[in-house]
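One structure is given here, and the rest of the page talks about it.
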Amino acid sequence: MTLRNLVHCALSLAMTFAGLAALYLQLEAQFAGFAQILVYTGAVAILIVFAILLTSGKEQPAESVFSSHWLVGAGVAVVVFAVVCGTILSSKALSDRQQAPVPSITVRQLGDQLMTRYILPLEVLGLLLTAAMIGAVILAMHESHSDRMGGAK
């Protein structure tokens, strides 16, 4: 939020997505981790970078990024963090912790289902995303061409 360059913001978002995927993988949630890598880190973040690069995302904001009341916001954030930490630490879930049951469905079984039973919806989704990306590129090229021609359409 405090970076001024939009490309740097998008790359920071991609790194955040990758860190969240690593957290999922460490918690042994393989499907959520790999889906995070494929969908968010691999697709959404790259789409955002392309959208910024293809549109007019190069201008810098004129006003300051920080509000004049940033100290109040930081204080509220510290109080909320303390309340959440206190609630978590006083929870009975930490003291009565039991071993989680082994999941009955594995990532391999989900992949097999996606590639056999749900192959048509998966392909339709891929075509839809491809068409959306091509449309965004065409719109960006059209706007870029009209800007070079003096703003006339």
- Message: Being modelled with pLDDT under 90 and farther than 26 Å from Phe34 by Cα is the requirement here; does Leu94 meet it?
- Response: yes
- Message: Tell me whether segment 49-67 contains one or more residues that are at pLDDT 80 or above and either surrounded by 15 or more Cβ atoms within 10 Å (Cβ to Cβ) or part of a helix (DSSP H, G or I) (or both).
- Response: no
- Query: How many residues does segment 1-48 hold that are outside any helix (DSSP H, G or I) and within 18 Å of Leu114 (Cβ to Cβ)?
  - Reply: 1
- Just give me the residues in segment 107-134 being of a type in the set (Lys, Arg) and touching a helix residue (DSSP H, G or I) at 6+ places or on another chain (Cβ under 8 Å), in sequence order. none
- For segment 3-47, what are the residues that are among the β-branched types (Val, Ile, Thr), open to solvent by 50 Å² or more (accessible area, probe 1.4 Å), at pLDDT 80 or above and closer than 22 Å to Met133 by Cβ? Ile37, Val39
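The values are calculated or read from the model by the stated rules, or taken from the named source; none is laboratory data. Note that this is a predicted model, so its numbers are computed, not measured. Positions of Cβ are backbone-derived with ideal geometry, glycine not excepted, and every protein chain shown enters the neighbour counts. Surface accessibility is based on the protein's heavy atoms, side chains included, excluding ligands, DNA and RNA. Shrake-Rupley method; radii C 1.70, N 1.55, O 1.52, S 1.80 Å.
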